[in-house]
1. Tell me the accessible surface of residue 102 in square angstrom (1.4 angstrom probe, heavy atoms of protein chains only), to the nearest ten.
2. Note down the accessible area of residue 144, probe 1.4 Å, to the nearest 10 Å².
3. Solvent-accessible area of residue 171, probe 1.4 Å, all protein chains present, reported in Å² to the nearest ten, please.
4. Rounded to whole Hz and in sequence order, give me ³J(HN,Hα) for the range 150-161 from the Karplus expression 6.51 cos²θ - 1.76 cosθ + 1.60, θ = phi - 60°, writing x for Gly and Pro.
5. For the range 77-167, what does the convex hull of the Cα positions come to per residue, in cubic angstrom?
Amino acid sequence: MKNKFLLIALVVLVPIVVVGIVAFIILRMSANMSASELAMAGEYATSSTTPVGFLPFSNQQYHFSLYYPPDLVSTGQQEQGGAYTFSFQDADTNEGFEIYVTPYGDSQVSAARFKLDEPSGKMDQPTPVVIDGATATMFFGHNDVMGDTREVWFIKNGYLYEVTSFKELDSWLGTIMQTWRFI
């Protein structure tokens, strides 16, 4: 009788303990993941805490907000067709990122639209991610101005958002994208 009880206890408790340990390890690891590593998990982890020293940015017209590093200067430029480019750049190092937002009626980015906005046609390692509930594609691209890039494209509320930074700033961009919210 004792052996039966011990066997049942082991069969029930061991899997519960193993699952708990694995969940703990995954949570601890995700706290230090780069954008690429987060993408492998299927989404950017949203953060309820603002990175220390980051500044708030929001735009009511294009329905988003985020936090960005204080060494960046935020500027904007109206584009054709109701589009807008938001730039966040460090004047000393030239590092930064930009967000191109344009009205867009489709639910997916068409090949023609991709070719228009990414003339190189390069989309290496496309990975699905989620940005504040919106399905996105994160990939490595290339353009003549920046060279190799890290990009995140997504559609929400009738707008196409294209977030672009330098490829080597992948992890840094991941931290910023974790603060993205639709408003």
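1. Rounded to the nearest 10, the figure is 10 Å².
2. 150
3. Per-residue accessible area (residue 171): approximately 60 Å².
4. 10, 10, 9, 10, 7, 10, 7, 6, x, 10, 9, 10
5. That works out to 104 Å³ per residue.
The values are calculated or read from the model by the stated rules, or taken from the named source; none is laboratory data. Remember, it's a predicted structure, so these values are computed and weren't measured experimentally. To get the accessible areas, we keep the full protein, side chains included, count just its heavy atoms, and leave off ligands, DNA and RNA. Shrake-Rupley method; radii C 1.70, N 1.55, O 1.52, S 1.80 Å.
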